[in-house]
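Colleague: Following this message is one structure expressed as structure tokens.
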Amino acid sequence: MRSPALQTLVTAAEAAFTTHAADAASRRSIARAFAALETVRPASGRDAVRLPVCDLWLDKALSSAELTGDLRHLADAFLAVETELCWQPRSGATANASADFAAGHANAILIGPGGIERRSDVWLGVSLLAPGVRYPDHTHPPEETYLVLTPGDFSQDDGPWFQPGPGGSFYNPPGILHAMRAGRTPLFAFWLLLAKDN
Ligand SMILES: [Fe+2]
């Protein structure tokens, strides 16, 4: 059984990801991911960890008046399980990251490896960036759909920065190079990764 709070988050995420999807590829990926999530896997029982950047910026990132309707519902559902999360800095290469990247960001996986619910077929997680922080260029084999809840810049395939804005969504094909950076306000985004064998 998934906890009621985590199931509320999954339901809110499915609604918001589906509503804000911007293209056919992300719609297909989202549908497959949430179909897989209808099968519940055991809770990981992992200890929660909160990082200082969360104390400084999480509330500010999610208190924007621009978050209304399904996005507000998603943010509130996220905050209801946030104390269960194991927030972590990104490990691995830091190509083009800003000097303040290490202390200025945190990632957490709700469902997936290291998540509240441990599984490898679907990863639902979030990133928080403090103002001015530039996340490293990175790639990963699973395809990915972002759902952004704040202002912030994103880049794909070394292309120009673009601004999805609150409620903005975009799709990363498997293996594409991508990055993000916060402007004068914190950046917060959900990401949904779908492993190839789904
Ligand atoms: Fe990514």
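The values are calculated or read from the model by the stated rules, or taken from the named source; none is laboratory data. A quick note: this is a predicted structure, and the numbers were derived from the prediction, not measured. Positions of Cβ are backbone-derived with ideal geometry, glycine not excepted, and every protein chain shown enters the neighbour counts. Remember, those area values only see protein heavy atoms, side chains included, never the ligands or the DNA or RNA. Shrake-Rupley method; radii C 1.70, N 1.55, O 1.52, S 1.80 Å.
Colleague: Mean shadow of region 107-198, computed from the convex hull of its alpha carbons, in nm²?
Modeller: 5.5 nm²
Colleague: Now for a different question. For Asp121, which sequence-distant residues (separation of 5 or more, or a different chain) have an amide H within less than 5 Å of its own amide H, given hydrogens modelled in the peptide plane?
Modeller: Correct list: empty.
Colleague: Only four residue types carry charge here, +1 at the Cβ of Lys and Arg and -1 at the Cβ of Asp and Glu. Report the dipole size of region 59-135 about the Cα centre in Debye, rounded to the nearest 20.
Modeller: Computed charge dipole of region 59-135: roughly 280 debye.
Colleague: For the chain, what does -39500 (n - 2.57) per DSSP helix run (n ≥ 4), summed and divided by total residues, give at 222 nm, in deg cm²/dmol to the nearest 500?
Modeller: Taken over the chain, the calculation gives -8500 deg cm²/dmol.
Colleague: Quick one: net charge of Ala102's neighbours, Cβ under 13 Å, K/R +1, D/E -1?
Modeller: That works out to +1.
Colleague: Between Leu177 and Leu56, what's the calculated FRET efficiency when r is the beta-carbon distance and R0 is 30 Å? Round to 0.05.
Modeller: Once rounded, the FRET efficiency stands at 0.55.
Colleague: When the gyration tensor of region 1-60 is built from Cα positions, what are the square roots of 5 times its three eigenvalues, in whole Å, from largest to smallest? Walk me through the intermediate numbers first.
Modeller: Details: eigenvalues 128, 73, 20 Å².
Semi-axes (√(5λ), whole Å): 25, 19, 10.
Colleague: Quick one: length gained pulling Ala80 to Asp158 fully straight, 0.36 nm per residue minus the C-alpha distance?
Modeller: Full-extension gain reported as 24.5 nm.
Colleague: For the chain, modelled as a GNM with alpha-carbon contacts under 10 angstrom, which of Glu66, Glu38, Glu82 fluctuates the most?
Modeller: Sorting by GNM fluctuation, first place goes to Glu38.
Colleague: Roughly speaking, to the nearest percent, how much of region 4-194's 1.4 Å accessible area is carbon and sulfur?
Modeller: Values: 4420 of 8080 Å².
So the carbon and sulfur contribution to the accessible surface is 55 percent.
Colleague: Using a 1.4 angstrom probe, figure out how much accessible area region 4-194 has per residue, in square angstrom, rounded to the nearest whole.
Modeller: Details: 8080 Å² over 191 residues.
I get 42 Å² per residue for region 4-194.
Colleague: I would also like to ask the following. To one decimal place, what Kirkwood hydrodynamic radius in Å is obtained for region 54-136 from all pairs of distinct Cα atoms?
Modeller: On the way: mean 1/r = 0.0721 Å⁻¹.
For region 54-136, the Kirkwood estimate is 13.9 Å.
Colleague: In whole Hz, with x marking every Gly and Pro, tabulate ³J(HN,Hα) for region 148-161 from phi via Karplus 6.51 cos²θ - 1.76 cosθ + 1.60, θ = phi - 60°.
Modeller: Coupling constants for region 148-161: 9, 10, 9, x, x, 9, 9, 9, 10, 6, 6, x, x, 5 Hz.
Colleague: When the C-alpha atoms of region 4-194 are aligned to their principal axes, what extent does each axis show, in angstrom, from largest down?
Modeller: 40, 36, 34
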